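The values are calculated or read from the model by the stated rules, or taken from the named source; none is laboratory data. What you see is a predicted model, and the numbers here were worked out from it, not measured in a lab. Cβ sites come from the backbone with ideal geometry, for glycine too, and all protein chains shown count toward neighbours.
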Amino acid sequence: MNILIATNNKHKVREISQIFAGTDLETVSPSQINLSVEVEEDGNTFAENALKKARGFCEASGLICVADDSGLTVECLSGEPGVYSARYGGEGLDDKGRTQLLLKNMSGAKNRRAAFVCSVAMVFPDGRVVTAEGRCEGRIALSPSGNNGFGYDPVFVPDGYDKTFAELGEDEKNKISHRGRALEALEKKLSELGILK
């Protein structure tokens with residue numbers, strides 16, 4: 001079954017492709033079919049944004065599409081940056097700048113609990129929708145560490161580990177990550193529905 005990964009983010013395309021490797025799902029990226037779609041992520045929840053992206057790419061391509069929306073929620077910041085994780089601090093900041101802003105806003109905080117949350121939506125051309133969610137609990141380190149991953153990976157230490165996501169190998173991260181768990185839950189639902197053999 002061919003699935004279009006509904007994102008223009010190369011990191012996400014790679015991660016989702018790796019997670020689906022070894023399943024009956026063959027992933028295709030928008031660049032492979034010369035598709036360019038921009039979907040405004042103005043939903044109030046990760047689930048709303050994931051569904052909006054999957055629908056937008058499905059309408060443009062006519063293919064089964066899977067999209068995710070994910071982000072970091074930090075307890076001492078009342079759940080921020082949340083759905084604004086990729087836009088935290090405004091347009092002028094890159095991943096490194098957003099991470100530095102996060103650490104600055106958490107300065108002196110004793111409670112460093114955080115979670116990465118991911119909602120995934122699969123939309124079929126016939127209108128069917130299958131959704132799932134995954135979480136990875138952890139804490140925010142005092143300073144960035146590691147060169148793998150992207151976004152807030154250099155400061156997120158998952159529970160049970162003493163290394164950040166950016167210090168873990170891709171395979172290890174994908175097994176425990178919010179995106180890995182969400183896609184695993186999606187695969188399970190697709191099997192239960194008889195869509196995936």
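Within region 86-127, can you find the residues that are within 15 Å of the chain's Cα centre (by Cα), at pLDDT 95 or above and not aliphatic (A, V, I, L, M)?
Once the filter is applied, which keeps residues that are within 15 Å of the chain's Cα centre (by Cα), at pLDDT 95 or above and not aliphatic (A, V, I, L, M), region 86-127 yields Phe116, Cys118, Ser119.
So, Phe57, is that one at pLDDT 95 or above and buried (at least 18 other Cβ atoms within 10 Å of the Cβ) or not?
Taking the combined requirement at face value, the residue satisfies it.
Name the strands (runs of 3 or more DSSP E) wholly inside region 91-197 in which the number of residues that are of a type in the set (Gly, Ala, Ser) and crowded, with 19+ Cβ neighbours inside 10 Å is 3 or more. Steps first, please.
Numbers: elements: 113-123, 129-140, 156-158.
Output list reads 113-123, 129-140.
Is it the case that Val120 is of a type in the set (Val, Ile, Thr) and touching a helix residue (DSSP H, G or I) at 6+ places or on another chain (Cβ under 6 Å)?
On the way: of a type in the set (Val, Ile, Thr): yes; touching a helix residue (DSSP H, G or I) at 6+ places or on another chain (Cβ under 6 Å): yes.
Yes: the conditions hold for Val120.
Regarding region 170-182, can at least one residue be identified that is closer than 19 Å to Thr27 by Cβ, among the aliphatic types (A, V, I, L, M) and out of contact with any Lys or Arg (no Cβ under 6 Å at 6 or more places or on another chain)?
Here is the first cut: in region 170-182, the residues closer than 19 Å to Thr27 by Cβ are 170-171, 173-175, 177-182.
Applying the additional criterion that residues be among the aliphatic types (A, V, I, L, M) yields 182.
Right, trim to out of contact with any Lys or Arg (no Cβ under 6 Å at 6 or more places or on another chain) and you get 182.
There is at least one residue in region 170-182 that is closer than 19 Å to Thr27 by Cβ, among the aliphatic types (A, V, I, L, M) and out of contact with any Lys or Arg (no Cβ under 6 Å at 6 or more places or on another chain).
State which residue pairs qualify: first residue without any contact (Cβ under 8 Å) to a residue 24 or more places away in the chain and farther than 15 Å from Asp159 by Cα and inside region 123-149, second residue β-branched (Val, Ile, Thr) and surrounded by 14 or more Cβ atoms within 10 Å (Cβ to Cβ) in any location, beta carbons under 6 Å apart, and separation of 6 or more residues or different chains.
Going by the 6 Å Cβ cut-off, the qualifying pairs are Ser145/Thr164; Gly146/Thr164.
Does Val117 fit the bill of being in contact (Cβ under 8 Å) with a residue 60 or more places away in the chain and under 24 Å from Ser17 (Cα atoms)? Show your work before the answer.
Working: in contact (Cβ under 8 Å) with a residue 60 or more places away in the chain: yes; under 24 Å from Ser17 (Cα atoms): yes.
Answer is yes for this residue.
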